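The values are calculated or read from the model by the stated rules, or taken from the named source; none is laboratory data. Note that the structure is a prediction, hence the values are computed from the model and not measured. Don't worry about glycine lacking a Cβ; one is built from the backbone with ideal geometry, like all the others, and counts go over all protein chains shown. In case anyone asks, the SASA skips ligands and DNA or RNA and just uses the protein heavy atoms, side chains included. Shrake-Rupley method; radii C 1.70, N 1.55, O 1.52, S 1.80 Å.
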2 protein chains.
Amino acid sequence: MPDEALKKFIKNTDFFQGLDEKTCDSIIKNTTSSLFSKGKILFIADEPAQYFYLVRSGYVKLFRETLDGAQAILDILSAGHLLGETAIFQDNTYPYSAEIIETSDIITLPLASLKAELEHSPALAHAFLKHMTKIREKQEKDLEHRSLQNAPQRIGCFLLRLCPLDHKDPVTLHLPYDKTLIAGRLGMQPETFSRALKRLRTETGLEIQGSTITIPCIQTLSDYTCVACSSSFPCKDPHSTDTTEPKRVCNHHQG
Amino acid sequence: MPDEALKKFIKNTDFFQGLDEKTCDSIIKNTTSSLFSKGKILFIADEPAQYFYLVRSGYVKLFRETLDGAQAILDILSAGHLLGETAIFQDNTYPYSAEIIETSDIITLPLASLKAELEHSPALAHAFLKHMTKIREKQEKDLEHRSLQNAPQRIGCFLLRLCPLDHKDPVTLHLPYDKTLIAGRLGMQPETFSRALKRLRTETGLEIQGSTITIPCIQTLSDYTCVACSSSFPCKDPHSTDTTEPKRVCNHHQG
């Protein structure tokens, strides 16, 4: 049985929070939480699936690879996000591979319980459908941005999503993971990312020191970025309003 | 009430075919089917939603626009595909705009019936979840291709999906809609599309006459294209195995 702190974490996530006690307990009764190190592969695409996972802390990369080893990063998930949960609709195989990209606390849940509960809980089905709709919105936004935004704008959007909703200029934030991974998540080569970040600095006055970035004026950054997006800033994108997203931002006045 | 032919069409689509008679009849009882001309806007993103739609014939473009009028094409749907169905999980507003791109027969269905049935039909919830999973797979594939495939490969993939599974070389096919729309669907500018199509011709021996394309050797085309994809040819992508997809392909031996 999971301890109280773990139970509480699970029940506060987007997916579980609307569910009744009984359904929730049935799904999480055989749950464990474990620390995994960077580089650990949780599962490989097309492998038979027994478990789905919930990120408690850290980051997990979802990806697919070609035979030649080229890799497409589909997403990088932070605390509160599920992975592998759709395998029950995909012949019980994983649709992508998943790798830990920094030490992460990962909750392992049995797919069989999820499947069994789905058969008689309309509330769970509804939660699952809402969850799938949010992912669809996020993917549609990704596809839109890859069509309409240039590389500096895509980085700008990534930075804006890291900002707290109640920001005050200037905002200083720390990139949550390696720049090469951010580049991959945004569908760019690392060299493109470096050039684009420099251009974004010129256009919007960013200050960059390693992985610490200061945005002197959010309005300037959002004017530059969001002109090539169908939503206006601050957007109601599921990413940015995700309450389980850890606060990685320190918001201070300088000088 | 829908006539027998319309009922039969609906019940044979991917989404409806697994459902029991009663659930299906409740959703489709107030259904109509109408012809719409090219250019007709079915709905606009963020508008209040009362209906969802099913394509009976023709093509519908799903898109979003920036304030400046730049447009991102999210998808182009053919016969058997649903649109607007997720509005019930999105505050009853449409998540994208939809436009008819050639004369199309469109079935209009009330969202209220879908929502009401969802509350007490686990089978419907299951069908909806399978449907959402397929869309997620398709979008993940799109995102993967935009990271890993060059423009000629993305066109090659588009052509391969139009080929019948039981193809014999050579295959002649007619592009289902305007090249500018195909370019947009693949996330390219029209000029990029023209250049990429020429390169694909050089690399794989395509014969191109307006919107008629002859693929002399499917193996050559798939070798060139699928090397930059995590699936191998023929892929089990939902797009290519969709049984409701109209056959647009004539498969003949030449000479």
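Laid out as a table, the results:
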{"quantity": "Residues (at the interface with chain A (Cβ under 8 Å from one of its Cβ atoms) and either touching an Asp or Glu at 6+ places or on another chain (Cβ under 7 Å) or hydrophobic (A, V, I, L, M, F, W, C) (or both)) located in region B:121-136", "calculated": "B:Pro122, B:Ala125, B:Phe128, B:Leu129, B:Met132, B:Ile135"}
{"quantity": "Close pairs (8 angstrom Cβ cut-off, 6 or more residues apart or separate chains): basic (Lys, Arg) in region A:100-129, part of a helix (DSSP H, G or I) and open to solvent by less than 50 Å² (accessible area, probe 1.4 Å) anywhere", "calculated": "A:Lys115/A:Ile88"}
{"quantity": "Those residues of region B:147-157 which are among the hydrophobic types (A, V, I, L, M, F, W, C) and open to solvent by less than 30 Å² (accessible area, probe 1.4 Å), in sequence order", "calculated": "B:Ala151, B:Ile155, B:Cys157"}
{"quantity": "So B:Ser147, is it in contact with a Gly (Cβ under 7 Å, 6 or more places away or on another chain) and part of a helix (DSSP H, G or I)", "calculated": "yes"}
{"quantity": "Any hit, region A:29-47, residues being in contact (Cβ under 8 Å) with a residue 24 or more places away in the chain and acidic (Asp, Glu)", "calculated": "yes"}
{"quantity": "Among the candidates A:Leu74, A:Leu82, residue that is over 23 Å from A:Thr32 (Cβ atoms), open to solvent by less than 30 Å² (accessible area, probe 1.4 Å) and under 13 Å from the mean Cα position of the chain (by Cα)", "calculated": "A:Leu74"}
{"quantity": "Where A:Ala116 falls short, out of the listed (1) within 17 Å of A:Arg185 (Cα to Cα); (2) over 16 Å from the mean Cα position of the chain (by Cα); (3) open to solvent by 20 Å² or more (accessible area, probe 1.4 Å); (4) more than 10 Å from chain B (Cβ to nearest Cβ)", "calculated": "(1)"}
{"quantity": "Top-ranked residue in region B:87-104 [being under 18 Å from the mean Cα position of the chain (by Cα) and open to solvent by 30 Å² or more (accessible area, probe 1.4 Å); ranked as nearest to B:Arg56 (Cα to Cα)]", "calculated": "B:Thr103"}
{"quantity": "Complete set of residues in region A:142-186 that are within 14 Å of another protein chain (Cβ to nearest Cβ) and under 15 Å from the mean Cα position of the chain (by Cα)", "calculated": "A:Asp142, A:Cys157, A:Leu181, A:Ile182, A:Ala183, A:Gly184, A:Arg185, A:Leu186"}
{"quantity": "Checking A:Ser194 against (1) open to solvent by 30 Å² or more (accessible area, probe 1.4 Å); (2) not in a helix (DSSP H, G or I), the condition it does not meet", "calculated": "(2)"}
{"quantity": "Positions within region B:33-71 being open to solvent by less than 20 Å² (accessible area, probe 1.4 Å) and either of a type in the set (S, T, N, Q) or over 19 Å from the mean Cα position of the chain (by Cα) (or both), in sequence order", "calculated": "B:Ala49, B:Thr66"}
{"quantity": "Region A:59-96 - residue that is among the acidic types (Asp, Glu) and assigned to a loop (DSSP other than H, G, I, E, B) and, of those, nearest to the other protein chains (Cβ to nearest Cβ)", "calculated": "A:Asp68"}
{"quantity": "Checking B:His252 against (1) at pLDDT 95 or above; (2) open to solvent by 40 Å² or more (accessible area, probe 1.4 Å); (3) in a loop (DSSP other than H, G, I, E, B), the condition it does not meet", "calculated": "(1)"}
{"quantity": "Region B:198-232, residues that are open to solvent by less than 50 Å² (accessible area, probe 1.4 Å), more than 25 Å from A:Pro95 (Cβ to Cβ) and among the β-branched types (Val, Ile, Thr)", "calculated": "B:Thr204, B:Ile208, B:Thr212, B:Ile213, B:Thr214, B:Ile215, B:Ile218"}
{"quantity": "Positions within region A:170-180 being of a type outside the set (Ser, Thr, Tyr) and either open to solvent by 30 Å² or more (accessible area, probe 1.4 Å) or part of a strand (DSSP E or B) (or both), in sequence order", "calculated": "A:Val171, A:Leu173, A:His174, A:Asp178, A:Lys179"}
{"quantity": "Checking A:His167 against (1) in a loop (DSSP other than H, G, I, E, B); (2) at pLDDT below 95; (3) surrounded by 20 or more Cβ atoms within 10 Å (Cβ to Cβ), the condition it does not meet", "calculated": "(3)"}
